[in-house]
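Input: a single structure, listed below in structure tokens.
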Amino acid sequence: MPEQHDGTPPAATAATTARLGRRRLLRAGLGAGGALAAGRLLPAGPARAATPFAPAPPTAPAAPTLTARAARAVRPAAPGSTAAQPWPDWTRYARIADGTFNEPADMQGYVDALKAQNVSVIELDTLLSNWLTDAEFAAHMADVKTFTGLAHAAGLKVVMYYPSLELISPGGEKGRSFYKDDHGKDWVQRDLAGKPNVFYGSVVVWVDPGDESVWLSPHSPWRDYYLRRIKGVAATGVDGIWPDVPIYFDGVLTWCDASSWGAAAFKADTGLALPRAADFTDPVFRRYVEWRHRSLLGFQLDIAAAGRSVNPDLVTFVETVSMDYRYATSIGLDGGYLRTAEGAVSQVWEVDILGNYDGMRHATATDWTCLISMYKYARAASGAKPAWAFSYGWQADDASLVMSQLIAAGCNPYEVRTPFKNDTVDAAMRARMYAFVRANQAKLYDPVSAARVGVYHSAPSRDYVAPGEGNGMYANAKAPAGIADWWGGDDPQMSCAALPWLGEFRGTVKALVYAQVPFDTVPSPGLVAADLARFQVLLLPNLQAVSDAEATVLRGFVAAGGTVVITGPAPTALDELGGRRAEFALSDVLGLRRADPLPASRRNSYGSGSCWYLKALPGLSYLSNTDQASADQLLAAVRQSAPPAVTLTGDRRIFLDARRLGGDTVVHLVNFTNFGDAPADFRTTPVNCTLSYALPAGAVVTAVTVASPDGTDPAPRPVPYTVTTGTVGVPLTVVQYSVVTISASAA
């Protein structure tokens, strides 16, 4: 029976909650455990309808309205409205590391140490997580200005870390706190039952025992409070802002923000009252799920605009914890929504690993393909902008392999030791890997993708198709023997194999990785025809929820000669808010009507293109069983319509990606052959393979080089090759990561 309380959250104790790692909590989420934790930490409050939970301060408006920018942001973006944004080279070639200082005397030492590790951008993380008075904030900004000057003198850039919706009050459990003694109680996020999103230490690793963590509503006056301080940070001369996780935090409560501020914003945007419970059969709740994505997009855009109002050259990189899996649904932050946003605003992607204190050392090969999927999604969801990403590790060898995959996907590395973010796994490893990035930066970040195959990531299908308790970050949710603090908490519901939409998506990615077919992810938010123009085949795994605008773009792709492969039992049967359609959105493309029995498979011509339909979920089958029959079903259209120009002979557990830079073809190879079907101790085993490249008609090879971070010299070196009937053959030994460049010119 719930205990009675007066509305003030009780402290969490060791008897009621375990101390959870931030990396497990903030990106794996709590899933089913979230509701349990909420019940343990915050006994039930009064019903939302009975009490106004966040009364405005006397000077605040009774009904907050969105800024013009935010109001635009929470509505669907106009197709093709994004202007090209020039990004400075330092952002595109960034090599990032955490930096801080305890006293001004420490500053120079930190700058010198990071420069020696070949770091080019310092993420400065100091006191801004904490509740500071205006005077304390101003005094600290003076120190930040000093640090920034020292970094600039050393040739380094500074991006200031600043949590966007969380505020920590040191000692706030028993002492003064922002929630109890300032505006926190008025501005806090609340769940659908009205409980406040605030807790005390011992729940997560970054909130010390005795401290208070309160998560604020972006619709409350906190928004202006935070934006004023963003302007103060921008005035110090830093080069960028790093807002941390603008989310509806679900560590102790779920489905925030149902504060009076959130209710007013939802009403203003949709004309609807908030739903009373989390019920995916309720169209109002489904609207609330999607509205949270757009409302957080508006907040991110306002942060970037506030900084640039002080310094027009300022860039913003939003720390984004939600990847391709289902966590975006529960916390609201969908990284794909920012892809087409105007202005110098992109993401730092928190790509998580399996074990807080083990990294990827006990991954399965399928888990590794999940990691590949996340990095590929990160690169795609940032669009044409730089995509910075966390590179977590536990020891130097697993850390360097994770970073290799990150770089191969086209992201910029932010190297840290799990589960925190303030230290390197190994300074020598970081220096070696970053030296490789510096020596090859143009080759790594300037090319364009050579992939002719796309995998469609449907945000509404992720949100609305068979919603469950898990988030699906990886496949293996059960911790290996002797490994503590595993991402899935030994709950099989957490596995991507337990989620029909995500399992089909991840299995499709796995099939392409194992077939060594270069591919790119295609995020659905803001989709326009230009996003698909370079593809010949587009895979649409278990695509059920789709807007009319998306359907028009997809239909046009097929009509113009493209091939689509749609899988699943309800192809385009839902609208973008998860509502049932009377007819399939792509009925004409499929050659199928909803009223008719669905065939096991069907191939239909439409315009100049074709649609291959499979009723089953072969991707999900391949994810779980690695059965060749399922892969053959998925990839038959790829082999027929878009056979890759670059192929590999050797172990299928070598990731292959290909890009073009002028007359060069740049091929990335990452060796994950040390992973198998079951978790095993980490090792690195060099593998032999042969790379083949079908030359364009009339082209001749002028050089073949290989660069790798695995040795002491990161510079490209010539390697032997053969040319037989227009195909270049390159025998290789890959340790962890090799970048092969095939240079060709017209005969």
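The values are calculated or read from the model by the stated rules, or taken from the named source; none is laboratory data. Since we're looking at a predicted model, the values are computed, not measured. Cβ coordinates were reconstructed from backbone atoms using ideal geometry, including for glycine residues, and neighbour counts include every protein chain displayed. Areas reflect the complete protein model, heavy atoms only, side chains present, ligands, DNA and RNA absent. Shrake-Rupley method; radii C 1.70, N 1.55, O 1.52, S 1.80 Å.
Report yes if Asp446 is at pLDDT below 95 and surrounded by fewer than 22 Cβ atoms within 10 Å (Cβ to Cβ), otherwise no.
On the way: at pLDDT below 95: no; surrounded by fewer than 22 Cβ atoms within 10 Å (Cβ to Cβ): yes.
No.
Search segment 692-718 for residues that are over 19 Å from Ser745 (Cα atoms) and pair each with any residue that is among the basic types (Lys, Arg) when their beta-carbon atoms are under 7 Å apart and the residues are at least 6 apart or on different chains.
If the second residue must be among the basic types (Lys, Arg), the pairs left are Pro709/Arg432.
Here is a yes/no grid of residues against (1) buried (at least 22 other Cβ atoms within 10 Å of the Cβ); (2) on the phi > 0 side of the Ramachandran plot; (3) under 21 Å from the mean Cα position of the chain (by Cα):
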{"position": "Ala466", "(1), (2), (3)": "no, yes, no"}
{"position": "Lys478", "(1), (2), (3)": "no, no, no"}
{"position": "Val517", "(1), (2), (3)": "yes, no, no"}
{"position": "Ala529", "(1), (2), (3)": "no, no, no"}
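Working only within segment 94-144, note down all residues that are surrounded by fewer than 19 Cβ atoms within 10 Å (Cβ to Cβ) and among the hydroxyl-bearing types (Ser, Thr, Tyr).
Selection gives Thr100, Thr126, Thr133.
For Tyr179, all conditions in the list (1) open to solvent by less than 10 Å² (accessible area, probe 1.4 Å); (2) in contact with a Ser or Thr (Cβ under 8 Å, 6 or more places away or on another chain); (3) part of a loop (DSSP other than H, G, I, E, B) hold save one; what is the number of the exception?
Of the numbered conditions (1) open to solvent by less than 10 Å² (accessible area, probe 1.4 Å); (2) in contact with a Ser or Thr (Cβ under 8 Å, 6 or more places away or on another chain); (3) part of a loop (DSSP other than H, G, I, E, B), the odd one out for Tyr179 is (3).
Check off (1) outside any loop (DSSP other than H, G, I, E, B); (2) open to solvent by 20 Å² or more (accessible area, probe 1.4 Å); (3) out of contact with any Pro (no Cβ under 9 Å at 6 or more places or on another chain); (4) of a type outside the set (Ser, Thr, Tyr) for Arg432 and give me the number that stays unchecked.
Of (1) outside any loop (DSSP other than H, G, I, E, B); (2) open to solvent by 20 Å² or more (accessible area, probe 1.4 Å); (3) out of contact with any Pro (no Cβ under 9 Å at 6 or more places or on another chain); (4) of a type outside the set (Ser, Thr, Tyr), only one is false for Arg432: (3).
Say whether the condition of being polar (S, T, N, Q) and modelled with pLDDT under 95 is met by at least one residue in segment 180-203. Please lay out each step first, then the result.
Here is the first cut: in segment 180-203, the ones polar (S, T, N, Q) are 189, 197, 202.
When the remaining residues are screened for being modelled with pLDDT under 95, the result is 202.
Yes: segment 180-203 contains one or more residues that are polar (S, T, N, Q) and modelled with pLDDT under 95.
Considering Gly251, Gly194, Gly232, which residue is surrounded by fewer than 22 Cβ atoms within 10 Å (Cβ to Cβ), in contact (Cβ under 8 Å) with a residue 12 or more places away in the chain and part of a loop (DSSP other than H, G, I, E, B)? Break it down stepwise before answering.
Working: Gly251 fails: surrounded by fewer than 22 Cβ atoms within 10 Å (Cβ to Cβ); Gly232 fails: part of a loop (DSSP other than H, G, I, E, B).
Step by step, each of Gly251, Gly194, Gly232 is checked, and only Gly194 is surrounded by fewer than 22 Cβ atoms within 10 Å (Cβ to Cβ), in contact (Cβ under 8 Å) with a residue 12 or more places away in the chain and part of a loop (DSSP other than H, G, I, E, B).
Out of Ala697, Ala715, which single residue is out of contact with any Ser or Thr (no Cβ under 8 Å at 6 or more places or on another chain), among the small types (Gly, Ala, Ser), open to solvent by 30 Å² or more (accessible area, probe 1.4 Å) and modelled with pLDDT under 95? Give the derivation first.
Working: Ala715 fails: modelled with pLDDT under 95.
The match here is Ala697.
Out of all the residues in segment 674-682, is one or more more than 34 Å from the chain's Cα centre (by Cα) and either over 23 Å from Ala451 (Cβ atoms) or surrounded by 15 or more Cβ atoms within 10 Å (Cβ to Cβ) (or both)? Show your work before the answer.
To start, the set of residues in segment 674-682 that are more than 34 Å from the chain's Cα centre (by Cα) comprises none.
No, segment 674-682 has no match at all.
Filter segment 145-161 for residues that are open to solvent by 10 Å² or more (accessible area, probe 1.4 Å) and within 22 Å of the chain's Cα centre (by Cα) and give the result. Step through it out loud before you land on a result.
Of all residues in segment 145-161, those open to solvent by 10 Å² or more (accessible area, probe 1.4 Å) come to 145-146, 149-150, 152-155, 157, 161.
Once the filter is applied, which keeps residues that are open to solvent by 10 Å² or more (accessible area, probe 1.4 Å) and within 22 Å of the chain's Cα centre (by Cα), segment 145-161 yields only Tyr161.
Given the criteria of a type outside the set (A, V, I, L, M) and at pLDDT below 95, does Glu469 qualify?
Details: of a type outside the set (A, V, I, L, M): yes; at pLDDT below 95: yes.
It is true that Glu469 is of a type outside the set (A, V, I, L, M) and at pLDDT below 95.
With in contact with a Lys or Arg (Cβ under 6 Å, 6 or more places away or on another chain) and either open to solvent by 10 Å² or more (accessible area, probe 1.4 Å) or modelled with pLDDT under 95 (or both) as the only criterion, which of Leu301, Leu314, Leu297 stands out?
On the way: Leu314 fails: either open to solvent by 10 Å² or more (accessible area, probe 1.4 Å) or modelled with pLDDT under 95 (or both); Leu297 fails: in contact with a Lys or Arg (Cβ under 6 Å, 6 or more places away or on another chain).
Testing whether each residue is in contact with a Lys or Arg (Cβ under 6 Å, 6 or more places away or on another chain) and either open to solvent by 10 Å² or more (accessible area, probe 1.4 Å) or modelled with pLDDT under 95 (or both) leaves just Leu301.
Go through (1) crowded, with 20+ Cβ neighbours inside 10 Å; (2) over 27 Å from Val448 (Cβ atoms) and name the single condition Leu635 misses.
(2)
Yes or no: Leu669 assigned to a strand (DSSP E or B) and in contact (Cβ under 8 Å) with a residue 60 or more places away in the chain?
Numbers: assigned to a strand (DSSP E or B): yes; in contact (Cβ under 8 Å) with a residue 60 or more places away in the chain: yes.
For Leu669, the condition - assigned to a strand (DSSP E or B) and in contact (Cβ under 8 Å) with a residue 60 or more places away in the chain - is met.
Could you say whether any residue in segment 260-271 is open to solvent by less than 10 Å² (accessible area, probe 1.4 Å) and of a type in the set (Asp, Glu)? Steps first, answer last, please.
Step one: filter segment 260-271 for residues open to solvent by less than 10 Å² (accessible area, probe 1.4 Å), giving 261-262, 265-266.
Of the ones still in play, those that are also of a type in the set (Asp, Glu) are none.
Within segment 260-271, none of the residues are open to solvent by less than 10 Å² (accessible area, probe 1.4 Å) and of a type in the set (Asp, Glu).
Being within 25 Å of Phe101 (Cβ to Cβ) and at pLDDT 95 or above, is that true of even one residue in segment 449-466? Spell out the reasoning first.
Narrowing segment 449-466 to residues within 25 Å of Phe101 (Cβ to Cβ): none.
Checking segment 449-466: not a single residue is within 25 Å of Phe101 (Cβ to Cβ) and at pLDDT 95 or above.
If I filter segment 545-588 down to residues being in a loop (DSSP other than H, G, I, E, B) and within 29 Å of Pro644 (Cβ to Cβ), which single residue comes out as most open to solvent (accessible area, probe 1.4 Å)? Give the derivation first.
Going residue by residue through segment 545-588, those that are in a loop (DSSP other than H, G, I, E, B) are 546-547, 560-562, 568-573, 575-579, 581-586.
Add one more test, that the residue is within 29 Å of Pro644 (Cβ to Cβ), and what stays is 546, 560-562, 568, 571-572, 586.
Numbers: Val546: 0, Ala560: 87, Gly561: 38, Gly562: 5, Gly568: 0, Pro571: 0, Thr572: 0, Leu586: 3 Å².
Selected residue: Ala560.
Which one is farthest from Gly507 (Cα to Cα), of the residues in segment 372-426 that are of a type in the set (Phe, Trp, Tyr) and open to solvent by 10 Å² or more (accessible area, probe 1.4 Å)? Walk me through it before giving the result.
Filtering segment 372-426 for residues of a type in the set (Phe, Trp, Tyr) gives 375, 377, 388, 390, 392, 394, 414, 420.
Now drop any that are not open to solvent by 10 Å² or more (accessible area, probe 1.4 Å), which leaves 394, 420.
Details: Trp394: 27, Phe420: 30 Å.
So the residue we want is Phe420.
Among (1) without any contact (Cβ under 8 Å) to a residue 60 or more places away in the chain; (2) loosely packed, with under 15 Cβ neighbours inside 10 Å; (3) out of contact with any helix residue (DSSP H, G or I) (no Cβ under 9 Å at 6 or more places or on another chain); (4) closer than 30 Å to Leu623 by Cβ, there is one condition Cys689 misses while meeting the rest; what is its number?
Cys689 satisfies all of (1) without any contact (Cβ under 8 Å) to a residue 60 or more places away in the chain; (2) loosely packed, with under 15 Cβ neighbours inside 10 Å; (3) out of contact with any helix residue (DSSP H, G or I) (no Cβ under 9 Å at 6 or more places or on another chain); (4) closer than 30 Å to Leu623 by Cβ except (2).
Which of the residues belonging to segment 388-443 are among the acidic types (Asp, Glu) and at pLDDT below 95? Break it down into steps so the answer makes sense when it comes.
The initial filter retains those residues of segment 388-443 that are among the acidic types (Asp, Glu), namely 397-398, 415, 423, 426.
Across segment 388-443, the qualifying residue is only Asp423.
Looking only at residues that are free of Cβ contacts under 8 Å to residues at least 40 places away in the same chain and part of a loop (DSSP other than H, G, I, E, B) in segment 482-509, which one is nearest to Tyr456 (Cα to Cα)? Give the steps one after another, and end with the answer.
Kept after step one, since they are free of Cβ contacts under 8 Å to residues at least 40 places away in the same chain, are these residues of segment 482-509: 482, 490, 492, 495, 498.
Those still in the list that are part of a loop (DSSP other than H, G, I, E, B) too: 482, 490, 495.
On the way: Gly482: 38, Asp490: 30, Ser495: 20 Å.
Top of the filtered list is Ser495.
Do we find a residue being at pLDDT below 95 and among the polar types (S, T, N, Q) anywhere in segment 329-350?
Kept after step one, since they are at pLDDT below 95, are these residues of segment 329-350: 335, 340-344.
Subsequent filtering for residues that are among the polar types (S, T, N, Q) retains 340.
Yes, there is a match, as at least one residue in segment 329-350 is at pLDDT below 95 and among the polar types (S, T, N, Q).
Go through (1) under 22 Å from Asp334 (Cβ atoms); (2) free of Cβ contacts under 8 Å to residues at least 12 places away in the same chain; (3) hydrophobic (A, V, I, L, M, F, W, C) for Ala273 and report which single condition fails.
(1)
Can we say Leu156 is over 30 Å from Phe199 (Cβ atoms) and in contact with a strand residue (DSSP E or B) (Cβ under 6 Å, 6 or more places away or on another chain)? Can you show your working first?
Values: over 30 Å from Phe199 (Cβ atoms): yes; in contact with a strand residue (DSSP E or B) (Cβ under 6 Å, 6 or more places away or on another chain): yes.
Yes: the conditions hold for Leu156.
Scan segment 317-338 for residues that are open to solvent by 10 Å² or more (accessible area, probe 1.4 Å) and either more than 27 Å from Ala258 (Cα to Cα) or of a type in the set (A, V, I, L, M) (or both) and jot them down. Step through it out loud before you land on a result.
Keep residues of segment 317-338 that are open to solvent by 10 Å² or more (accessible area, probe 1.4 Å), which gives 326, 330, 337.
Of everything in segment 317-338, nothing turns out to be open to solvent by 10 Å² or more (accessible area, probe 1.4 Å) and either more than 27 Å from Ala258 (Cα to Cα) or of a type in the set (A, V, I, L, M) (or both).
I need the helices (runs of 4 or more DSSP H) fully contained in segment 260-378, keeping only those with at least 2 residues that are over 18 Å from the mean Cα position of the chain (by Cα).
In segment 260-378, 260-270, 283-310 are the helices (runs of 4 or more DSSP H) which contain 2 or more residues that are over 18 Å from the mean Cα position of the chain (by Cα).
Note down all Cβ pairs under 9 Å where the first residue falls in segment 427-449 and is in contact (Cβ under 8 Å) with a residue 40 or more places away in the chain and more than 20 Å from Gly711 (Cβ to Cβ), the second is among the hydroxyl-bearing types (Ser, Thr, Tyr) and surrounded by 17 or more Cβ atoms within 10 Å (Cβ to Cβ), and they're at least six residues apart or on different chains.
That search, which allows pairs on different chains as well, returns Ala442/Tyr93; Tyr445/Tyr93; Pro447/Thr665.
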